[in-house]
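**Student:** Sharing a structure with you now.
The values are calculated or read from the model by the stated rules, or taken from the named source; none is laboratory data. Fair warning: this is a prediction, and the values are worked out from it, not measured in the lab. Neighbour counts run over all protein chains shown; Cβ positions are idealised from the backbone, glycine included.
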Ligand SMILES: [Zn+2]
């Protein structure tokens, strides 16, 4: 490698490093906090008391989020729109619910292209698309 090329590469690396230092993390995207699930266990059932609140933070219809959870947990459940609670016919911990909600956020809310959470789900026939309002990207997601 010639000296000139080395210098050029070093320069390039230097510029890249500077660029990364200067770019601040995108606001409101890196640390998007979901409410901690409030869990109540009654016998073999688990009640998520603040389910509507979590779904609203995810910007998704609680019925849809409920469907996702029921499928993942392979358990029947019922969302009560009046109280905003979801009752699941399975014993499950707060930690597990929280993990699934984070996964939902990653798969069905956050734009994989620009990291924005200003997105919506669109159904086109049998295909579900995650459409980003911020960058316009469309991404097929695992159907419900
Ligand atoms: Zn985007």
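**Student:** Just one of (1) at pLDDT 95 or above; (2) under 29 Å from residue 132 (Cβ atoms); (3) in contact with a helix residue (DSSP H, G or I) (Cβ under 9 Å, 6 or more places away or on another chain) trips up residue 102, so point out which.
**Tutor:** (3)
**Student:** Of the residues that sit in the stretch 95-138 and are near the ligand (Cβ under 8 Å from one of its atoms), touching a residue at least 60 places away in the same chain (Cβ under 8 Å) and touching a strand residue (DSSP E or B) at 6+ places or on another chain (Cβ under 9 Å), which one is farthest from residue 58 (Cα to Cα)?
**Tutor:** So, considering only residues that are near the ligand (Cβ under 8 Å from one of its atoms), touching a residue at least 60 places away in the same chain (Cβ under 8 Å) and touching a strand residue (DSSP E or B) at 6+ places or on another chain (Cβ under 9 Å), the one farthest from residue 58 (Cα to Cα) is 114.
**Student:** Between 88, 73, which is touching a residue at least 12 places away in the same chain (Cβ under 8 Å), over 20 Å from the mean Cα position of the chain (by Cα) and either crowded, with 17+ Cβ neighbours inside 10 Å or under 22 Å from residue 50 (Cβ atoms) (or both)?
**Tutor:** Checking each option against the conditions leaves just 88.
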